[in-house]
Amino acid sequence: MRFSKRPRVDTQALEDASGVVLHARDLNAQGRQGMIFGPLDMDLAPRQLGVIHGPAGAGKSALLLALCGRFRRTRGTLIIDGIDAIAEPYRAIQRTSVARIADYVVPEDRLTLNESVAERCHLDAVNLKTAESRVRQIEEIVGFRIDRSCEFEQLEAIERAVASVALAMLKETKVVVIDDADVMVPHNQQRLLFEMFSKLTQLDDSTIIAATVDDDMAPPGSLDVELPAHNRVHVVTDIHGNNDVDSDLLGPTTPVVTQIPLDGQEEDPETEVDTKPQPAYINDPENNPATEIYRPDDSSRR
């Protein structure tokens, strides 16, 4: 049996992360054939939203898993609620929760909300009485109540997204991630969706990180992360044997991180990060997020 040696806790990074829920520096992940995402620098404060967007295949799901300490290939610096998630991933996982990741972690459509609460309690080892108290708190925070006798598939898209995050917050958590947050949500409801997410961060002074199709409804004060497209590098050989690379098909640049200004403030151009190019990422089964999730003690995907 082969054991990988964990790096030592980065004490300097712990100091740098003081006052924030999530602190990442040079965060990246690579597969055999190129970069999956990164390098990425970002900080998320308590009650701040993170919005990740980009085209299909840009690495959004993998980055979400990494930001909650669940992607094995993650390298760089990642501090979650004062814990070095690179050196101590299993400790960090206890402070995070996954609401939805692609088709790998998702509430069951045919379960009622009551059944979904019971299932999530079992998976996260949460006492039912504690969960009921949390549900009441969540209902007070968002200002509405969903009929818990309804099956998940009967809910509107915005209700499914909010309920998915609420289920992930039945246990005390500091970082919640949700994939495809705005899929099927009508455009005129997306601002309300993010308002609900912002309210939910009040529960544990947490942060919610949502992957979306686009970011035009991201609320003021949130952190916007734009992931570039991953393209194959095509090499064309002419009849003389000279190689030529189409510059439009080169690998992506690094993610662009932008602090969305609060109402009445001007955007600070220095908050954008867009530096050197990185290798192209080619789809590979080895990079499938489902195969890379940390699951302590053979626990469920959640």
Practice problem: With a 1.4 Å probe and every protein chain left in place, work out the accessible area per residue of region 119-162 in Å², rounded to a whole number. | Solution: 59 Å²
Self-check item: For residue 226, solvent-accessible area (1.4 Å; no DNA, RNA or ligand), Å²
Solution: 90 Å²
Self-check item: Convex hull of Cα atoms in region 29-114, direction-averaged projection (nm²)
Solution: 7.4 nm²
Quiz prompt | FRET efficiency, 1/(1 + (r/R0)^6) with R0 30 Å, evaluated for residue 103 and residue 126 via beta carbons | solution = 0.80
Quiz item: Any idea what the alpha-carbon Rg over 2.2 N^0.38 Å comes to for region 5-53?
Solution: 1.37
Self-check item: Per-peptide average of other Cβ atoms within 10 Å, ordering 144-157, 73-86 highest first
Solution: 73-86, 144-157
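The values are calculated or read from the model by the stated rules, or taken from the named source; none is laboratory data. Computed from a predicted structure; not experimentally measured. Using ideal geometry, Cβ is built from the backbone for each residue, glycine included, and neighbour counts are taken over all protein chains shown. Note: areas computed on protein heavy atoms with side chains; ligands, DNA, RNA excluded. Shrake-Rupley method; radii C 1.70, N 1.55, O 1.52, S 1.80 Å.
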